[in-house]
Amino acid sequence: DTGVSQDPRHKITKRGQNVTFRCDPISEHNRLYWYRQTLGQGPEFLTYFQNEAQLEKSRLLSDRFSAERPKGSFSTLEIQRTEQGDSAMYLCASSPSPGQGASYYEQYFGPGTRLTVT
Amino acid sequence: AQKITQTQPGMFVQEKEAVTLDCTYDTSDPSYGLFWYKQPSSGEMIFLIYQGSYDQQNATEGRYSLNFQKARKSANLVISASQLGDSAMYFCAMRGAFESGSEKLVFGKGTKLTVNP
């Protein structure tokens, strides 16, 4: 049984650099979500895909952030011109749609990518 | 807008005892879902239990039960017979109106549970 995977697990970058994270959801899950979690806080929603369509975006997702899910399978989250405030854990989650058997309401999370901007 | 409040930054419990983690929520949506997730030090969020706003019965999953009091807007998590492996951060979360199509989860700040031997 393969869960949600994320790559890399850790990323250290210098301020101003661009970074890209990858998320592979559970096979056949058509819903994919990105969250950001800073120290001492709960995860905050960033964006949501149903298949390849990006259906929901948070105001937290500034112009420097972009997410894609080109073929409705894996997704990438890119941060351009990173700032120190971008340092956080970036979590990806997936869930099936109704009718696929498993719990519709549960979002299955990956291990996260920890970003440190120096 | 939805809001989740977890007022207990940290809780301690003796092994084999029960513990209640508090969660209150605020929403104007007529229907919503409430979730509890566990986050061990490894960082991965683990789903524990779900309660729909129209569910008549409180949800239970093994040692976990959700004490849902709609009028009070509370959704407390009860863990029975605590185990050392239960030591972790616990997050309460809610999902907004299903009719709106919004899929996002709104999380509280979490409660750090420590189980003592």
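The values are calculated or read from the model by the stated rules, or taken from the named source; none is laboratory data. Keep in mind that what you see is a predicted model, and the values were worked out from it rather than measured. Note: ideal-geometry Cβ built from the backbone for every residue, glycine included; neighbour counts use all protein chains shown. Please note that ligands, DNA and RNA were not included when accessible areas were found on the heavy atoms of the full protein model with its side chains. Shrake-Rupley method; radii C 1.70, N 1.55, O 1.52, S 1.80 Å.
Keeping all protein chains in place and using 1.4 angstrom, which order do A:ARG36, A:ARG114, A:ARG59 fall into by accessible surface area, from largest down?
Descending accessible area places them as A:ARG59, A:ARG114, A:ARG36.
Out of all DSSP beta bridges with both ends in the range A:3-118, state the antiparallel percent to the nearest 5.
Numbers: 34 of 38 bridges.
In the range A:3-118, approximately 90 percent of DSSP beta bridges are antiparallel ones.
Given a cut-off of under 8 Å on Cα pairs at least six residues apart, what relative contact order in percent is computed for chain B?
Dividing the mean separation by the residue count of chain B yields 37 percent.
Percent relative contact order of chain A, based on C-alpha pairs within less than 8 angstrom and at least six residues apart?
36 percent
Taking A:LYS57 as the anchor, which lysines have their alpha carbon closer than 23 Å to its alpha carbon, excluding any fewer than eight residues away along the same chain?
A:LYS71, B:LYS3, B:LYS104, B:LYS109
Sorted by accessible area with a 1.4 angstrom probe, largest first, how do B:MET94, B:MET89 fall? The partial results should precede the final answer.
Values: B:MET94 0, B:MET89 50 Å².
Ranking B:MET94, B:MET89 by accessible area, largest first, yields B:MET89, B:MET94.
Can you tell me the FRET efficiency between B:SER28 and A:GLU83 if r is taken as the Cβ-Cβ distance and R0 is 35 Å, rounded to the nearest 0.05?
0.55
Using only atoms on other chains, find how many Cβ atoms lie within 10 Å of each Cβ of peptide A:42-52 and report the average.
Mean shielding count: 4.
Can you order the peptides A:83-90, A:72-79, A:9-16 by their average number of other Cβ atoms within 10 Å per residue, highest first?
Ranking the peptides A:83-90, A:72-79, A:9-16 by packing returns A:72-79, A:83-90, A:9-16.
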